[in-house]
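Worksheet for the structure shown next.
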Amino acid sequence: MSEHGVTILRLGYRLGRDPRITTHLALVARALGAQRFLFSGDEDKKMQENISSVNQRFGGDMEIEHIKSPMAWLRRFVTQGIDGNPPGVAVHLTMYGASFREVTPTIRRDRPLVVIVGGAKVPSDVFHISQYNLAVGNQPHSEVAALALFLDGWYGSGAIERKLEGGELIINPSLTGKDVNDTRSA
């Protein structure tokens, strides 16, 4: 596992069209181990509040932030580093990419990682700036599925079983119904 964090960069968010899919991307990112979720395009305070609320209720502390210049951020990430970290590795999830199952084990883990998930129209620069353009299949597919499969491959299947600290609600796995401890009433 990497000693550096994983950031998800969602490009081209459209407020009137993408709230559900982008929220699902953020939820998958949070549940499967990402430390940051950045999105560009339209700003959406409500979505940011919703993810923060999920952190509070179910644990975890994934940051969510809107950025105005994603391409400048991405260039800086891969060439100079961000927040005092060394330059990072950029993985672009695209149906035009190479097999994520074959390539993921070869990606260096001693650097921060950004996973780029496109929107309506991905700038061609993303393909060139990214060190890896990876696909979960070379057919049209859901960005949410691609992100989930990639993060599972990155962290190993234990990511799905991980426990997040600090939540008000703790879900206990059950074959027969809901089993939730509410720490607020304790």
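The values are calculated or read from the model by the stated rules, or taken from the named source; none is laboratory data. Just so you know, these numbers come straight off a predicted model, no measurement behind them. Cβ atoms come from the backbone with ideal geometry, glycine included; neighbour counts cover every protein chain shown.
Screening the range 133-174 for residues that are in contact (Cβ under 8 Å) with a residue 40 or more places away in the chain and among the charged types (D, E, K, R) and picking the one that is farthest from residue 57 (Cα to Cα) gives 143.
Give the residues of the range 18-30 that are without any contact (Cβ under 8 Å) to a residue 40 or more places away in the chain and either surrounded by fewer than 22 Cβ atoms within 10 Å (Cβ to Cβ) or part of a loop (DSSP other than H, G, I, E, B) (or both), sorted by residue number. Correct list: 19, 20, 23, 27.
Just to be sure before I move on: is residue 11 in contact with a strand residue (DSSP E or B) (Cβ under 7 Å, 6 or more places away or on another chain), buried (at least 17 other Cβ atoms within 10 Å of the Cβ) and in contact (Cβ under 8 Å) with a residue 12 or more places away in the chain in the structure I sent?
Criteria met by residue 11.
Looking only at residues in the range 7-26 that are in contact with a helix residue (DSSP H, G or I) (Cβ under 7 Å, 6 or more places away or on another chain) and among the aliphatic types (A, V, I, L, M), the one that is farthest from residue 51 (Cα to Cα) is 11. Looking at the range 39-63, I want the residues that are of a type outside the set (A, V, I, L, M) and have a partner that is in a helix (DSSP H, G or I) and buried (at least 19 other Cβ atoms within 10 Å of the Cβ) with Cβ atoms under 6 Å, at least 6 apart or on another chain. Which pairs are those? Within 6 Å, the pairs are 40/70; 60/30. Selection of the range 55-87 for residues being out of contact with any Pro (no Cβ under 7 Å at 6 or more places or on another chain), surrounded by 14 or more Cβ atoms within 10 Å (Cβ to Cβ) and in a loop (DSSP other than H, G, I, E, B) yields 59, 60, 62, 67, 82, 87.
Taking the options 99, 130, name whichever one is modelled with pLDDT of 95 or more, touching a Leu at 6+ places or on another chain (Cβ under 9 Å) and surrounded by 15 or more Cβ atoms within 10 Å (Cβ to Cβ). Just a single option satisfies the conditions, and that option is 130. Residue count for the range 19-61, restricted to those that are more than 14 Å from residue 164 (Cβ to Cβ) and in contact with a Gly (Cβ under 7 Å, 6 or more places away or on another chain): 3.
Quick one: is residue 36 free of Cβ contacts under 8 Å to residues at least 60 places away in the same chain and closer than 22 Å to residue 83 by Cβ? Give the derivation first.
Values: free of Cβ contacts under 8 Å to residues at least 60 places away in the same chain: yes; closer than 22 Å to residue 83 by Cβ: yes.
In short, yes.
Screening the range 88-186 for strands (runs of 3 or more DSSP E) wholly inside it with 2 or more residues that are farther than 28 Å from residue 70 by Cβ returns the ranges 169-171, 180-182.
Only one residue in 16, 41 is at positive phi and not basic (Lys, Arg). Which one?
On the way: 16 fails: at positive phi.
Unique residue meeting the criteria: 41.
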